Amino acid sequence: MFQAIKNLFSSSSTAPAYTDGEDNNNNNTPPTQIAEDSQIVDLSNIVRSTEEFEEILQKHSNSRIITRLTLTGTTTTGLPAVIGKFVNITQLNLSSNQISLLPWSIFYLQELEYLNLSNNRIVELPKTLGYLKKLIIFDLRDNMIQFVPSELVLLDSLSNVFLEGNLSLMSPPADNLPADVLELKTYLANRYTRTDAFISCRYYYTVKTRIASLVDLTVRCIMEYKLEYLSCIWMPPNLKHQIHKEENDRQTELHVMKCTKCKNYFSSKKTFEVHHC
């Protein structure tokens, strides 16, 4: 087993970063435990599926010592939401996998300085990335991203963002990428301050077919007043589910929006957010 894991990072020269808890030579058995003193962990030669990745993270979700986590060159299609419990991670390398979606819980990685998501299949980025206040380097090369969330403008420490290879990128446009982070933030700041001229009168033409439940009213309140609900220590799962559903519905629902800057009209929130003016 030690031969199978000798290339894994560890916090000391004598202990492997990953171990199965048994002293045997069965190299076909994947390890199931991260050594307690491991600060740097590389799972690239260990994880073979999304399920295995989630199982390993779940088992060690109470770890507070891991600061660097790497998983590259696998068929993993998603980053488990439990990643949010590894709150002391400063470097997260998930390049060259098949990841298509990031969980909202990435918000909790408040110590994160380096995030490499290059060469994956990511289409959309969560707005919660805007809360990673210590993020310095953000690598998004060679994905399928359509637009960069405006919330990145809130990251004061951000010094490098790599967007090359996202051929479907609409905002900012793939054929005219910002030259540096300052130019990107200027672009995003312009988009971030846009408002819908019709927002104040939306309730007058929205058809109500039933009396709203307490959950509906709570969700509406959170969405309208942009409360930072993800910063709550605990929230009922049903309420969190409804909030995410409402957020997705608002991205795709058909309703007329008018930009207060360029005075143009749009039929959905998504097209409103990515337009140029």
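Quick notes on this structure:
- Test: residue in segment 87-105 that is outside any helix (DSSP H, G or I), within 16 Å of LEU184 (Cβ to Cβ) and assigned by TED's automatic domain parsing to the domain that holds LEU184: no
- Count - residues of segment 166-187 that are in contact with a Leu (Cβ under 8 Å, 6 or more places away or on another chain) and of a type outside the set (S, T, N, Q): 8
- Residues that are acidic (Asp, Glu) and touching a residue at least 24 places away in the same chain (Cβ under 8 Å) within segment 50-96 comprise just one, GLU54.
- Subset of segment 120-179 [charged (D, E, K, R), within 15 Å of GLN110 (Cα to Cα) and modelled with pLDDT of 90 or more]: LYS133, LYS134, ASP156
The values are calculated or read from the model by the stated rules, or taken from the named source; none is laboratory data. No experiment lies behind these values; they were computed from the predicted model shown. Cβ sites come from the backbone with ideal geometry, for glycine too, and all protein chains shown count toward neighbours.
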